[in-house]
Amino acid sequence: MSVLNSGPVLLIGADGQLGTELRAALAARGITSVDSSRDGTLPQGDSARPCDLTVPGAVAALISDVRPALVLNAAAYTAVDRAESDEALAQRLNAEAVGEIGAAAKRCGAKVVHYSTDYVFAGDANRAYREDDAPAPQSAYGRTKLDGERALAASSAESLTFRLAWVYAGHSQNFLLTMLRVAAERDELRVVADQIGAPTPAHWIADATLRALDAGLSGLYHLTPQGQISWHGYAEAIFEGAVSRGLLARSPRLLAVTTADYPTPARRPAWSVLDSGRLDCDAGIRLPEWRQGLDEVLDQVAGKKD
Ligand SMILES: NC(=O)c1ccc[n+]([C@@H]2O[C@H](COP(=O)([O-])OP(=O)(O)OC[C@H]3O[C@@H](n4cnc5c(N)ncnc54)[C@H](OP(=O)(O)O)[C@@H]3O)[C@@H](O)[C@H]2O)c1
């Protein structure tokens with residue numbers, strides 16, 4: 001029997017980009033999760049269990065109260081640039097709180113699903129990163145996320161961790177929605193062309209998570225779509241798809257720039273391509289090409305506007 005049907009499912013970070021899609025995927029399977037957010041609210045006005053992960057012991061108390069069979073942790077400190085000057089808070093959320101989740105889950109026999117990032121790698125490889133490649137984070141965010149992976153593993157709770165990259169959806173805050181907003185305001189945009197990755201729709205991650213749980217997977221897996229593109233190429237595809245759906249009247253002029261032309265507080269990996277072959281091999285889960293995901297999310301955005 002899938003762990004999804006063996007007891008309560010606790011969803012932490014239920015109001016985030018991925019949390020929202022996990023909630024939807026669970027609901028589509030008829031599973032009502034116990035949802036938690038920092039302040040006890042959810043976007044559509046639903047209520048959730050309040051839990052501020054910065055408060056030591058808060059998440060452990062929540063877990064021991066709910067006694068879940070499964071904890072899905074979609075919460076994180078995700079402000080990559082801000083983390084450079086706020087590493088202690090990022091460490092608290094991305095590492096210490098994850099260790100607490102693991103320890104509390106272990107005590108009540110729950111499995112934990114957790115999400116990590118391509119930023120654990122240096123980004124200088126010449127092939128797609130595999131799960132057992134040596135991490136070498138170049139940013140505070142990457143360091144704290146790697147510590148989170150390790151804290152969860154050290155808790156010895158049964159766990160499943162996915163490393164993700166370039167996550168987006170038709171809601172929340174992400175590159176796609178930023179591009180659509182600024183394209184409506186400006187005639188010309190500069191976007192970096194020397195960082196390569198695979199844009200990943202959050203609803204694909206949510207679906208793959210449930211399928212992996214049905215398959216009984218544990219351990220560390222990379223989870224990205226097929227193919228790869230630069231941020232500049234991704235922006236081009238966004239504008240093409242947005243114009244064809246009437247989301248934009250016209251495409252702005254798009255200039256390719258280098259990372260050196262566009263300095264940011266955090267160093268980002270130039271090469272964020274992850275090899276998701278282990279997930280395919282172990283559970284037959286293989287995400288389609290990233291462009292198909294973009295079409296699906298742009299259709300959702302266009303559907304909301306109608
Ligand atoms: N986005 C990406 O491109 C990307 C790439 C690779 C990996 N990931 C990983 O994927 C996972 C999901 O990311 P996402 O894109 O869904 O992030 P997101 O939209 O920023 O969501 C983060 C969630 O964490 C919650 N949170 C932050 N501080 C909290 C606190 N003190 N107490 C309780 N909750 C708190 C947020 O709640 P509030 O709304 O209250 O702040 C929000 O629900 C994360 O583990 C992230 O590291 C993301």
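In square nanometres, what is the average projected area of the Cα convex hull of the stretch 91-141?
Values: hull surface 17.3 nm².
About 4.3 nm², averaged over all directions.
Given H placed 1.01 Å from N in the peptide plane, which residues other than close sequence neighbours of Arg49 have an amide H under 5 Å from its amide H?
Under 5 Å from the amide H of Arg49: Asp35, Ser36, Ser37.
Among DSSP beta bridges lying fully in the chain, give the percent that are antiparallel, nearest 5.
Within the chain, antiparallel bridges account for around 10 percent of the total.
List, in order, the whole-Hz ³J(HN,Hα) value for each residue of the stretch 113-120 obtained from phi through the Karplus relation with A = 6.51, B = -1.76, C = 1.60 and θ = phi - 60°; use x for Gly and Pro.
So the Karplus estimates, Gly and Pro as x, are 9, 9, 10, 10, 8, 4, 5, 6 Hz.
Against the longest principal axis of the chain, how steep is helix 175-185, in degrees 0 to 90 to the nearest 10, with axes from Cα atoms?
40
Rounded to two decimal places and with Rh computed the Kirkwood way over Cα pairs, what is Rg over Rh for the chain? Don't skip to the answer; put the middle values down first.
Working: Rg = 18.9 Å, Rh = 19.8 Å.
My calculation of the ratio gives 0.96.
Once you put a point 7 Å from the Cα of Ala79 and another 7 Å from the Cα of Ala27, both along the Cβ direction, what distance in nm separates them?
Label at Ala79, label at Ala27, 2.8 nm between them.
Please list, ordered by chain and number, the residues whose modelled amide H lies under 5 Å from the amide H of Tyr168; skip anything fewer than 5 residues away on the same chain.
Thr200, Ala202
Show the residues, 5+ positions off or on another chain, whose built amide H is closer than 5 Å to the amide H of Arg163.
Long-range HN contacts for Arg163: Ser116, Tyr221, His222, Leu223.
Each residue of the stretch 266-281 in turn: what ³J(HN,Hα) in whole Hz from Karplus with 6.51, -1.76, 1.60 and θ = phi - 60°, glycine and Pro shown as x?
Calculated HN-Hα couplings, in order: 8, 7, 9, x, 6, 10, 10, 7, 9, 8, 9, x, 5, 5, 5, 5 Hz.
Counting only other residues whose beta carbon sits under 15 Å from that of Ala60, what net charge do I get with K and R as +1, D and E as -1?
Local charge sum for Ala60: +1.
Going by average Cβ density within 10 Å per residue, which order do the peptides 237-244, 201-208 take, highest to lowest?
The peptides rank, most packed first, as 201-208, 237-244.
Evaluate E = 1/(1 + (r/R0)^6) for Arg286 and Phe175, where r is the Cβ-Cβ distance and R0 equals 22 Å; express this FRET efficiency to the nearest 0.05.
So the FRET efficiency works out to roughly 0.40.
Relative contact order for the chain: what is it in percent, counting Cα pairs under 8 Å that are at least 6 residues apart?
19
Per-residue counts of other Cβ atoms within 10 Å, averaged by peptide: what ranking do you get for 140-151, 285-296, highest first? Don't skip to the answer; put the middle values down first.
Working: 140-151: 23.7, 285-296: 17.3.
Result, highest mean Cβ count within 10 Å first: 140-151, 285-296.
Sort 39-45, 209-215 for me by packing, meaning the mean count of neighbouring Cβ atoms within 10 Å per residue, highest on top.
So the peptides 39-45, 209-215, ranked by packing, come out 209-215, 39-45.
I want the antiparallel fraction of DSSP beta bridges within the stretch 1-121, as a percent rounded to 5.
Numbers: 1 of 14 bridges.
Antiparallel bridges: around 5 percent, rounded to the nearest 5.
With a 1.4 Å probe and all protein chains kept in place, how do Met1, Met179 rank by accessible area, largest first?
Met1, Met179
At 1.4 Å probe size, what's the solvent-accessible area of Arg82? Round to the nearest 10 Å².
Rounded to the nearest 10, that gives 150 Å².
The values are calculated or read from the model by the stated rules, or taken from the named source; none is laboratory data. Bear in mind the structure is a predicted one, so any value in this text is a computation, not a measurement. Neighbour counts run over all protein chains shown; Cβ positions are idealised from the backbone, glycine included. Calculation scope for accessible area: heavy atoms of the full protein, side chains included, ligands and nucleic acids excluded. Shrake-Rupley method; radii C 1.70, N 1.55, O 1.52, S 1.80 Å.
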